[in-house]
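The values are calculated or read from the model by the stated rules, or taken from the named source; none is laboratory data. It should be emphasised that the depicted structure is a prediction, and the values quoted were computed from it without experimental measurement. Here the Cβ positions follow ideal geometry from the backbone for every residue, glycine too, while neighbour counts run over all protein chains shown. For the accessible areas, the whole protein counts, side chains as well, though only heavy atoms, and no ligand, DNA or RNA atoms are used. Shrake-Rupley method; radii C 1.70, N 1.55, O 1.52, S 1.80 Å.
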Amino acid sequence: MPVGFPEFVQNPENRCPVILLLDTSASMIGDAMNALNQGVSLFKENIQADTKAALSVEVALVTFGPVRLVQDFVTIDQFTPPTLAADGVTPMGEAIEYALDLLTARKEVYHANGIQYYRPWIFLITDGAPTDPWQDAAARIQKGEADRKFCFFSVAVEGADLKTLSQIAPSDRPPVLLNGLDFQSLFVWLSKSMKRVSSGKVGEAVELPPVGWGQVNL
């Protein structure tokens with residue numbers, strides 16, 4: 001019986017954590033940022049419409065340009081999509097390491113409260129190139145993926161540095177180049193994926209929906 005955190009006493013369901021790691025640097029200003037904001041709102045709507053996923057999916061939102069924790073982990077009913085604004089440079093390395101530390105801390109909370117959880121997702125969206133050292137972050141991504149501690153997804157908006165992203169992302173899950181600014185289809189896919197994961201068993205492999213919103217350049 002989970003004890004400690006009231007949210008786990010009230011809702012002891014297995015958790016499905018996902019970190020939205022979003023580039024909000026100055027290059028995203030205008031249509032790209034508007035489309036991203038709409039996509040995040042759609043993600044909440046789609047998850048909340050599914051009874052099981054609404055109890056299981058926990059979302060945290062980290063932006064970079066500079067690095068900010070916009071929303072710590074909450075179930076989707078407690079998540080209010082913010083209106084993100086574009087500003088600053090692209091400290092991608094710092095942002096990834098921050099997200100990894102945030103996830104580690106959340107796992108410790110799960111363990112302390114007897115809560116099981118699905119393999120977490122870190123979902124990076126960027127339209128630029130890192131403006132800080134990123135090699136240590138990449139090494140942590142590679143090791144964490146190899147140890148099956150999380151799934152790391154990277155989405156490249158037009159203008160992103162695909163060469164560097166490909167070195168950060170695991171080799172078996174290369175960056176996906178978004179079709180234009182089709183964030184709506186991306187977040188529909190993400191919500192469908194979360195629904196599939198949260199309806200399965202912890203540790204069970206899940207077939208994800210086909211990616212129709214982008215393309216992988218190998």
Scanning the range 201-216 for residues that are assigned to a loop (DSSP other than H, G, I, E, B) and open to solvent by less than 20 Å² (accessible area, probe 1.4 Å), the one nearest to Ser56 (Cα to Cα) turns out to be Pro209
- request: Answer yes or no as to whether Phe73 is more than 18 Å from the chain's Cα centre (by Cα) and under 20 Å from Gln116 (Cα atoms).
  value: no
Screening Asp182, Asp132 for residues that are acidic (Asp, Glu), closer than 22 Å to Asn34 by Cα and modelled with pLDDT of 95 or more leaves only Asp182
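Return yes when Thr104 is modelled with pLDDT of 95 or more, of a type in the set (Ser, Thr, Tyr), outside any helix (DSSP H, G or I) and surrounded by fewer than 18 Cβ atoms within 10 Å (Cβ to Cβ) and no when it is not.
no
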Reported set for the range 22-54 where residues are in contact with a Ser or Thr (Cβ under 7 Å, 6 or more places away or on another chain) and either at positive phi or open to solvent by 30 Å² or more (accessible area, probe 1.4 Å) (or both) is Asn46, Lys52
Scanning the range 170-184 for residues that are open to solvent by less than 30 Å² (accessible area, probe 1.4 Å) and either among the β-branched types (Val, Ile, Thr) or over 21 Å from Phe43 (Cβ atoms) (or both) gives Pro170, Val176
Requested in this report: Would you confirm whether any residue within the range 128-142 is within 23 Å of Trp213 (Cβ to Cβ) and part of a strand (DSSP E or B)?
Outcome: no
Condition set open to solvent by 10 Å² or more (accessible area, probe 1.4 Å) and part of a helix (DSSP H, G or I), scope the range 68-78, selection nearest to Ser191 (Cα to Cα): answer is Asp77
Flagged pairs (Cβ under 8 angstrom, 6 or more apart or on separate chains; first in the range 196-218, aromatic (Phe, Trp, Tyr); second assigned to a loop (DSSP other than H, G, I, E, B) and open to solvent by less than 60 Å² (accessible area, probe 1.4 Å)) are Trp213/Asp182
Next item on the list: Check the range 34-57 and report whether any residue there is assigned to a strand (DSSP E or B) and not aromatic (Phe, Trp, Tyr).
Entry: yes
Every listed condition ((1) of a type outside the set (Gly, Ala, Ser); (2) part of a helix (DSSP H, G or I); (3) touching a strand residue (DSSP E or B) at 6+ places or on another chain (Cβ under 9 Å); (4) closer than 30 Å to Asp50 by Cβ) holds for Leu165 save (4)
Within the range 55-67, the residues that are open to solvent by 10 Å² or more (accessible area, probe 1.4 Å) and either free of Cβ contacts under 8 Å to residues at least 24 places away in the same chain or closer than 19 Å to Lys192 by Cα (or both) are Leu55
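For the range 41-48, indicate whether the set of residues that are of a type in the set (Phe, Trp, Tyr), closer than 26 Å to Ala156 by Cα and at pLDDT 95 or above is non-empty.
yes
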